[in-house]
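One structure is given here, and the rest of the page talks about it.
No lab work stands behind these numbers, since they all come straight from the coordinates. Quick caveat: nothing in here was measured; it's all calculated off a predicted structure. Glycine also receives a Cβ, built like all others from the backbone with ideal geometry; neighbour counts cover every protein chain displayed.
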Amino acid sequence: MSNKLFVGGISWNTDEESLKAFFSVTPEGKELKVVSAKIITDRETGRSKGFGFVEYETEEDAKEAQMMFDGKELDGRTLRVDFAQPQQDRGDRGSSRPSFRRDDRSRDDSQYAA
């Protein structure tokens, strides 16, 4: 298990500061040590994609937070909280355009030789 939680169902009105504050204290008032809170945004528009991650100092705090906050409401939205999965290798994220480098040609140019 890890100390990083996936948080789904985040309102577009929620910012990283309020997300971190919400996940820092249980409903009973116990303080949890949040290392970071990150809301994932669309790279073109900058708008929230509605999910993010909260990382805790310890695995125990993350376990407690997962049980406490899954299904709770923040800014009018019900949150889904679970342990984050390791990020998968998404392969080459470069251009999808074909390469036109000279040494990549597959045709036989010997017929054009002088």
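Taking every alpha-carbon pair in region 4-83 and binning the separations at 10 Å intervals from zero gives 20, 58, 20, 3 percent. For D82 and T45, a Förster radius of 30 Å and the Cβ-Cβ distance give a FRET efficiency of 0.70, rounded to the nearest 0.05.
Kindly provide the GluC sites (Glu not before Pro) of region 1-49 that DSSP labels as loop, not H, G, I, E or B, and whose Cβ sees at most 11 other Cβ atoms within 10 Å. Write out the running numbers ahead of the final one.
Numbers: sites: E16, E17, E28, E31, E44; in loops: E28, E44.
Passing both the DSSP loop test and the Cβ count: E28, E44.
Close amide H partners of I10, meaning residues 5 or more places away or on another chain with modelled amide H under 5 Å apart, are F51.
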